[in-house]
Amino acid sequence: MNIFLQGMGVGAGLIIAIGAQNTFVLTQGIRRQHHWLIAAICSCSDMLLIFIGAAGLGSIIAGNPTFRTGAAWAGAVFLFWLGVKAFKGAWAGKQLCERKEVAVGLRTAVLTTLALTFLNPHVYIDTILLIGSIGGQYQSIERLAFALGASVSSVLWFFTLSLGGSLLAPLFQKSIAWRILDLVVCMTMWTIAWQLVP
C-alpha cells in the first residue's frame, strides 16, 4: 500500500501541470464536447506509457538521441499550430452558445487527443522515463503497485479536469471568458513549443 501511495504521489506531481494535453481536456470540458471520451483516452494512454516505462523501456529510450530530437520537433510544430488556432479564437471572441454550433467532431477530438499525447515529448519524459525509472527500482509485484498508483492519479486528474470544465461552462457564456481562455491556451501552446525545440 505504501508503494501504491508513493506511485500516486509521483504520478500526481508529474501529471498535474498546465500543459497542452491538460489545456485541451479543460477546454473540451468547458465546451462539453466529447469530454468524457477525451479524459478516458488521456487516462488510458498514460496508463499504457506508465506500465511500459515500469517494464524497463525508459532506459532504452533515454539512450536514443535521434528519437528524442524527432519527437521534440514534431511536438513543437503541432503545438505551434494549435496556438495559432487558439489565437484566432481569441480574436473572434465567440460565446459558448455560438461555439456549440461549430462542434468538434468525434474523429477530430480523438485524433487531436492522441496527437497531444503521443507527439508531446514531455509525456514520455514524465511517464516512461521518470515514473518508469522510479518504478523500475522495485521488484515485480511492488513495481506493479507503483505503476498502478501512478495510473490511478492520472485517471482521477483527467476526469476531475473534465468535470471541472463542465462546471465552468456557464461562465463561458460570456465572450470575454472565451477570449481569456483562448489567449491562455495560445500562450501555453507556444511556450511549450518553444521549450521543445532542441
Footprinting exposure proxy for Asp46, Asp182 (fewest neighbouring C-beta atoms within 10 Å first): Asp182, Asp46
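Which of the peptides 47-55, 143-151 is most tightly packed, and how do the rest follow, judged by the mean count of other Cβ atoms within 10 Å per residue? Mind showing how you got there, number by number?
Numbers: 47-55: 21.3, 143-151: 23.9.
Result, highest mean first: 143-151, 47-55.
Could you list His35, His122 in order of exposure, starting from the residue whose Cβ has the fewest other Cβ atoms within 10 Å? Don't skip to the answer; put the middle values down first.
Values: His35 24, His122 18.
Taking fewest neighbouring Cβ atoms as first place, the list is His122, His35.
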Packing-based exposure ordering (other Cβ within 10 Å, fewest first) of Arg179, Arg107, Arg31: Arg107, Arg179, Arg31
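Values in this text are rule-based calculations from the coordinates and carry no lab data. Not measured: the values here are computed from a predicted model. Every residue, glycine as well, gets a Cβ built from its backbone with ideal geometry; the counts of neighbours run over all protein chains shown.
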